[in-house]
Structure formats: C-alpha cells, structure tokens
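Here the structure comes first, spelled out in structure tokens, and everything after it is commentary.
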C-alpha cells in the first residue's frame, strides 16, 4: 500500500488537469464526477494506507516511498519521495477527508457559478499541493507543496476577481505569504549548508551531530522556519491576510483558510520538532507569539459584524493555541487540536456558507437573527461546532484545548496559561454571540430576503452533519487521565520520541487531581463566556449597547482591529509604494531598466538585421565565408601563438 | 569459395534498414497509385525491426578489423536516429500524400540516410566515417529537392549539394593530412600515434582544423552554417525536421569520437576551437532567429543555436559534458520533430503558410494542438519542467565543472535571447484573433502519434530524466 502514496497525491492533480483543460467543454455532471471522483478516490486510498500504517508495529510506523531521483546536481541530491508516518498520516486523512466533504458541499454551493469547472480545478490543485506538502519526504517537496497551496489560496481568494475587494485580498494574502516564504527558503538553504541534504531522514538523524543544542545555527534555522509558519498560518505579525481572505467563496474559507492550509505551519513545526527542541529560545518565541495571537485575535473577534470575519479571527486565535502547544513542546496536543479544529471549524464555515447562501449573499450578522426556524439542520450543526470550539464537554474542542492548556500549565508556563485560559473564555463569548445574533432573537432580516430563506440542499447539509458528528466524537481519540485510552498520544508519540526529553522534563505526569481541576476550571471559564453572551445578546441587548457606549474608546480601537492594518499601511505599504513609484519606477525602471532592455533589444535586433544581410543566398558567398573561416582558424594556430 | 566471417550482429540494424529500403524501392515499381498508402507503414516497420536489433546488442566490441564499433555509445545513437526517423515517417505520411510525393523512394531515402548516420556513429575509422557521411549526404541532397515542383526545393537541393561537396573536400583533405602525419586512418591507431609517437604536429593540427571545418559544415556551426537557413526553408517540412535532428547528432557523434578520443592528446588546445565555434553558433543562430518572420526559417536558425548549445558540452570535454550532449540531442529529437510536425500541418498544402503569422489564432481553431505546440516551444526555449530545461541544465553544469565560465555565461545569455522568439509562437497562437476564415485543420493519425511520442519524451525527460541520464552516462562506459 505504501506504493500507492504517489497515487494519493497525484489523483487530485489529474482531476485538476482534466477540469482545468477540458472542464469548459464538459457537461456539469462530468466536472463534478472528475473533481469528486479524484478526491474521493484519493481519500479512499488514504484510508487504506492509513489502516496499513496502523497495522504496523508501533515503533516502526514509517513508510518511505522513493519514486525517483529528481535532481542530481553536484552535492545536491533530491529524490521525489513520499513519507508516511503517524504525523503525516493524520494530516493526510484530515486533508483528504475534510477536503472531500468540502468538495461535496461545493457542488451545492457553487451550483450557480458560471466558471464552476475552474473552481473545482483550483480546489483539486489545492488538494494536490497540500498532500505534497504533507507527504513529501524532504524539504524541497514540502516547499513545492507550500508554494502550491499559497498559489491556490491566492487564486481562490481572488476567484471572484471582478470584485476589487476579492482581488486586493488575494494580492494581500500572496504578499504576506511571500514574506514568510522568504524565511522558509532561507531556512532550507541553511539546512542544506549545514547537513548537505534536504531529506528529512538525513537531516533529523544528523541533527545532534551537526548542531549544538541551543546554538546560533539551530536557533537561526528554527526562527526562519517559524517565520515561514507565521505567514502561512496567520500568526503575529503576518496574520492580517487571513481575515481578508474571507473574500473567497465560503467552501474555500472552510477548506483552505480554516481546516487545512493554515495548519501547514503547525505541521512544519511538528515535522521539524527535533530541530525546535534543540532551540529553547525559538521555543519560547513560538509559545509567546502563539499565546499572544490567541488572545489578540480573540479580542478582535468580539465586535466583528461579518459572520465570516468572526470565524476568521477565531481561526487565527485557534492557530495561536496550536503554536503555543508547539512552543511548550506539546506537539501531540497541537496535532490533536489541528484535527478537532479541522472538524468544527470546517463545519462552522460551511454552516455560515449555508446561511449566506440562504440570505442571498448577506454576511452581516446585524441583518440576521431567528434563522433557527428556517434552517434547522444548519442551526444544530453550527451549535454543536460552536460548543466544540468553546470547549464544552464532551465535544471535541474540549479535549484538545484542555490538553494544550494542561500541557502549558504543566510545563511551567503559568503566565501563558492564564492568558490562554482567559482567551478561551473570550472565544466562548464571541462564538456564542455569533450563534445568538444569527439564529436566535428577533429577526432583523430584510423583508425581500425573508421569504427566500430556505434550508440548504442535502448535498450541502450532509457534509455539515458529518462534520458536526466528527466535532462531537473526534475528541475521544485523546481522552486524558486514563493511560491507555489516549489513542492519539500512543499513535503520534513515537514520531516525537526522539526529541521528547524536553517535554518529559516538565509535563507528562501531572496528577489526576490537577488534571481534573484544570478541566473544571476551563469548563467554568467557557460557561461563563457563554452566559455573558446570553445576557448581552439575548436577555438584555440594551446592556450590550450601554457597555459599548461607556467604553467607546476601547470599542472603537478593537472594532477597528487595533488599527493594525492601518499601522502596516503607514509603516510598510506606503513607504514602499512611494519609494517604488518615485525611485524604482521613475528612475530604476523607466530610465535604467527600460533603457537597458530596450537598448539591448534594439541592439540585438540591429545585429539581427546585419546577420540577415550576410545571408545573401549566393553559394559563392557562403563558400567564401567557409574558406576565410578556415584560413583564420589555421592562421591563428600557425602565427597567433600556438 | 570461402566466405569471410562477417560480424552481422554489429550491423544488424543497418542491414534491416537496407532490406526494408530495397523492399520499398521494389514496391514502388509494382504498387498502384492507391496502394502507396502502405509506404510509410512499411518504412515504419523497417524502423521498428531495426530498433529491435539495436535495442539488444552484443557485448561491446569493435568489429570489422577495428573499423566498426559496436558499443553502448553507438547503440545510444542508433536508437536516437531510429527515433528521429520514425517520427519523421509519422509526420510524413499525410504530407507526402498531400504533396504527391508518396513514393517508395522518399521513404527509402530516409532509411538510407539513417543507415548513413548509423555508420558515422559506429565508424572508428576515418574511411568508414566518410562513407557513412557520404551516404547520409547524398540521401539528404535528394530529399531536400524531393518536391520537384517547388522552385525553393530545387534551390535547396542544389545549394546543399554544391556546398556539401565543397565541405566534403575540406573533410577529405583533413583526413588525408591526419593520415599523413600519423600513418593511420583508424581512430585507435591515430590516438596511439598522437600520444606515443612523434607525428608531424603542424600537419596534424591543420588536418584537424580541416576536419573541423568539414564536420562544422554538417552540424551547421557558425561560420559554416550559411547554407542551413536556405536549405531548411526550401526542403519539404518533414525533411527539414529530419535534417535538424539526426544528422546533426551523427556529426556530433563523429566529433566526440575524433576529438575526445583520437586527437585529444595533441599539444593544441582544440577545446578552444570548439569553444569559439560554440559561442558563435549559439549567438548567431539566436540573433538571426530574432527577426525572422517565417516560422520554418526561424526554426532553422533555432536549430543552429541548439547545435551551439550541444557543442558547449563538447567543449567542456569531460564525461558529464559528453553524456550531456547525448541527452541534449535525444531531447532535441523529441521536441523539434514534434514542432515541425505541427508546422507541416499549419503550412497546409503546397507549404503556402509557413509564416509566424499563419499561427494566428491557432489556439482558437485547434486548442489541443496549440497546447502541444506551446509545450514543445517552451521545451525548445528551455523552460522547466520540460525536457529542454533538463538538457540545457546538464550541458551548462558540465561547462561549469570544466571551469568554462565564459562559455556558460554566453550560453545563458543566449537562452534568454531565445525565449523571445519561441514565445512569439504563443503570442500568435493565443493572443491574436484569427484574421481569415480557412477550412479547419485536422491532424492525421500519424501526426497525432508523433506528437504523443514527442510529448511523452518532453515531459518524461523533463520531470523524471533519471533512466535516460543513466543511459547517456552508460553510453560512455564502453567507449
């Protein structure tokens, strides 16, 4: 089965090629069949491969499948090889599984779109890139996937490119990601310089020989890798593109900007955990940035009016949790949260898409309300997922978030733990605010829209139901306390075993009482958040307005996202645009480069005309040229030295 | 009567081709007009049989009293020639029907030319090499003028013949001088005489230069290239496709044998000559291609520049360089004949439409073929992930390893120039609307088959060149 890894990766690419090249002329069902067939088959193969992996002995769960030698140039040897181990296996399942569901959903969501074949082609291409990123067995393949998902993200955010906002958002996402990618490229180069190889196995097995723990080199490598991760996974300071990315169609937000692509940074950190464990400084940076992002984004989520933006900030915030987990060495917890988050966040996004679809494109929650009776399936699945993200027992988010908090506390990062716990309360508050504003209370829906309200078709609600189900039970894979029941820990553990000393130092064996206490505490915080949301947005909306009035300053600051976009604009964008226009464009481009290019072009064109004139067409001229050339060559030898 | 023991194994592909060529000639006598459709397939059968023989050779050895090498190097080239000939036959099938040149002779000449190339690649004696070269040349002269009714075709044949004869003079004279100074015509004998004996170095060097001029003419190296655009433009399109790939590879094979192996040890820096020729060839070929408005003529100049790139590998004069040349010519065979095949289709009957402008709107009338053409010209321009990139990459690599940085610099600049005129195809095909209404073009089975093979080669060698690289590297082992 390991031999089929390449097929899992390649199938979506073939789907993308077929729809991309021929989709325009294919009937609609054929486009769907190609898109869904390729991802569905890929998912089925992924399940088979995963089962095979599970059947292997616990400490030997690695399949390294070398397809062929790709680049052989001097010292650089890169193979195309796919690596399946518990870590990549988990991601592979999430990517193909959730990806397939979102493809199904898109059939309903994009049914009115004119260029749906293009949409599905991009979506399939994304699946290919993401699987390449996850299953690639060396840094270069990961980088290809990394760039590929970035490209697809850009294409899909700007899918509706007639709208300026969408086009601008796509551009912003691309530029922000480029900054991160630059760090990643530098990290790859540095790794090659140090190790002489880019293969995971080669790098990780030599890590302890070639690098000094805590040394400058490993710190530099990991910091650069983390810079790459902050771009792709929307962490401070590069997070601002993700909320804007909501301009893309909602299935895209669900798949790329919630469930899979944005977790690529977490995957990269988990994959390179051996290096990160050797760089304590970087670990601290990761934990602090993750925690800061978690609380920062959560507070912005408090006052957003656009339902998708609320979800976007909550994604940024949840990603912050995952990075914090990585930063304290709790990689398993991070991976666990990636999985549960994929379920409930995809469900939330698709639910919001269902609402938006029904509302005829309206995304402002102030114009919704009381939608519960119109769309019961959407409501219930949305509610379940909200409970999950809020961390209510026994939904999936409870277990994964609790594990992150417990590990943070257990590893002695008390300050981070306090902040993250508060952020969890904030999360519960704003997520339930969204639920109450959208589905409960009085209807604020426009009259014209009101009688169009309808539940979405099955092709859309079925993925919702499946995802809601997963968001309910997904957490049971990581039940704490009972030693043997933590399936995920036992499964993923061996991947991180090599670098586990760090984690084992602090965490691991905290007592039952402590664990239960922490659980109770986080549950209490979450319930408080929900209760507050209930009070302010259902029971007594006037209180919310009063609060808002009395803290006008803070509200304005947070509502405007702390003016970070404006700050970046003022600090970076404007000076760069200005310098580009005044210096790069007017002087460098127009005068130097254009002058050079045009000069070179006209120079060669001139030469070309001369060459053409030499081509007289007369045989005697040609023969003469040959003879003269011989004389010159021979003369050069006889008289011109040797 | 005692029959001499003949090593048939060493020449089996050549014999097979000869037999089929004779069959074609005989068939021409008996076949009626409507039976001639069988000609291309008969020729193709010959190519396949010869390929089967070439694919499974005996242990590397030298036969016919040291005059004929049957090694992996020869095998690589033989298979490459057969590939080129096969592709040419495929794109000729429809063309020869349209132009009413579907005679057995046409295909027989293609097969004889191939035999000539094989003899050149296998020859380890100057006399044998010359025989092969002449067999090839005479076949090509006739092929160039095969569309007798077109004045350009006649002009091409006559020019090629006269200048070819002139060049053969240089070649023979060079061989004579080398023989005079070393006392050998066999390449091994010459090598031994050069490294151990005390040959007359002046004679040897002048002889080598003369040899270089003769071979340079055949491979269309600047400044011995001027016949190329005229001949390529006048010849029937499939013949141009044929001439641009196989024969050049055959001459390069001879150059490798003679210069890398035989006179390599003389006390003159012969790589400097090749370096000069390579730089001039790349530059002049590319620059002249820039202003061409005729696609056929443009591809002629482009083929000159490609020979220049290949010579970079020759000038690098290391193992990597030589195997890179082999790979380069293989890739070039795949991509160039495919591109010419599409050109033959676009040119329509009587080759009335070979201008770049005739590709206008091709993407709207034939989107599938336009994509294929785009891939092929991208490959010619050396854009990854097409094979053209890989081929160039290894050539440049070898020159870097040899420390020939100037050569690499020149080659890279030239690749950049080349992109301009290759991309003009895409500009015409995609970015301009078709100006006039013409009857739709439909690719024949043969053309489609040829394009599938070309595409396979271009993408396979571009994405996963591993096995082919190994083949090219192995070809040198039994040198």
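Bear in mind these aren't lab numbers, they're just calculated from the coordinates by the rules spelled out. Only a predicted model underlies this, so the values are computations on that prediction, with no experimental measurement involved. Counting neighbours? That spans all protein chains shown, and the Cβs are built from the backbone with ideal geometry, glycine included.
A few points about this structure:
- Translational diffusion coefficient of the range A:141-296 (Stokes-Einstein, Kirkwood radius from Cα pairs, 25 °C, 0.890 mPa s): 153 µm²/s.
- q = 0.15, 0.18, 0.19 Å⁻¹, the range B:39-186: log10 I(q)/I(0) [Debye, one scatterer per Cα]: -0.86, -1.10, -1.16
- Between residue A:66 and residue A:513, the contour length at 0.36 nm per residue exceeds the Cα-Cα span by 156.1 nm.
- For the range A:125-152 versus the range A:37-87, the gap between their alpha-carbon centres in whole angstrom: 13 Å
- A convex hull fitted around the alpha carbon atoms of the range A:1-68 yields 67 Å³ per residue.
- Taking the square roots of five times each eigenvalue of the Cα gyration tensor of the range B:233-283, the equivalent ellipsoid has semi-axes of 28, 15, 6 Å, listed largest first.
- Peptide-level mean, for A:441-450, of C-beta atoms on other protein chains within 10 Å: 0
- Percent of C-alpha pairs per 10 Å bin in the range B:166-313, short distances first: 12, 40, 29, 15, 4, 0.
- For the range B:137-217, the convex hull spanned by the alpha carbon atoms encloses 74 Å³ per residue.
- Per-pair calculated FRET efficiency, R0 = 51 Å: residue B:456 and residue B:34 via Cβ, rounded to 0.05: 0.95
- The distance from the alpha carbon centre of the range B:210-268 to that of the range B:112-134 is 13 Å, rounded to a whole number.
- Site pair residue A:77 and residue A:165 shows an inter-label distance of 5.4 nm when each label is modelled 7 Å from Cα along Cα→Cβ.
- Of the Cα atoms belonging to the range B:269-479, the radius of gyration and Dmax stand at 17.6, 58 Å.
- FRET E, pair residue A:552, residue B:319, Förster distance 60 Å, beta-carbon r, rounded to 0.05: 0.15
- Estimated 222 nm signal from helices in chain A, with DSSP H stretches of n ≥ 4 weighted -39500 (n - 2.57), rounded to 500: -23000 deg cm²/dmol
- log₁₀ of I(q)/I(0) at q = 0.12, 0.22 Å⁻¹ - the range A:23-117, Debye sum with one point per alpha carbon: -0.58, -1.03
- FRET efficiency for residue B:48 and residue A:603, using Cβ-Cβ distance with R0 set to 51 Å, rounded to 0.05: 0.55
- Span per principal axis, largest first, for the Cα atoms of chain B (Å): 71, 60, 41
- With eigenvalues of the C-alpha gyration tensor scaled by 5 and rooted, the range B:387-428, Å: 25, 12, 4
- Rounded to whole Å, sorted largest first: equivalent-ellipsoid semi-axes of the range A:339-436, Cα gyration tensor: 30, 13, 10
- Placing dummy labels 7 Å off each Cα toward the beta-carbon, the span from residue A:364 to residue A:48 is 5.2 nm.
- Spin-label model, residue A:446 to residue B:349: label points 7 Å out along the Cα-to-beta-carbon direction sit 6.3 nm apart.
- Whole-number D in µm²/s for the range A:362-410 (Stokes-Einstein; Kirkwood sum over Cα pairs; 10 °C, 1.306 mPa s): 126 µm²/s
- Label point 7 Å beyond Cα of residue A:627 along Cβ direction - residues of the range B:151-172 with amide nitrogen under 17 Å: B:162-172
- Extension gain, residue A:462 to residue A:521, is 17.8 nm, computed as 0.36 nm per intervening residue step minus the present C-alpha separation.
- The range B:393-465 shape via C-alpha gyration tensor axes, a/c threshold 1.5: oblate
- Spatial separation of Cα centroids for the range B:358-402 and the range B:168-187, in angstrom: 40 Å
- Viscosity 1.002 mPa s, 20 °C: Kirkwood-radius Stokes-Einstein D of the protein assembly as shown over Cα pairs, µm²/s: 65 µm²/s
- P(r) histogram, all alpha-carbon pairs of chain A included - 10 Å bins from 0, percent: 3, 15, 25, 24, 15, 8, 4, 3, 2, 1, 0
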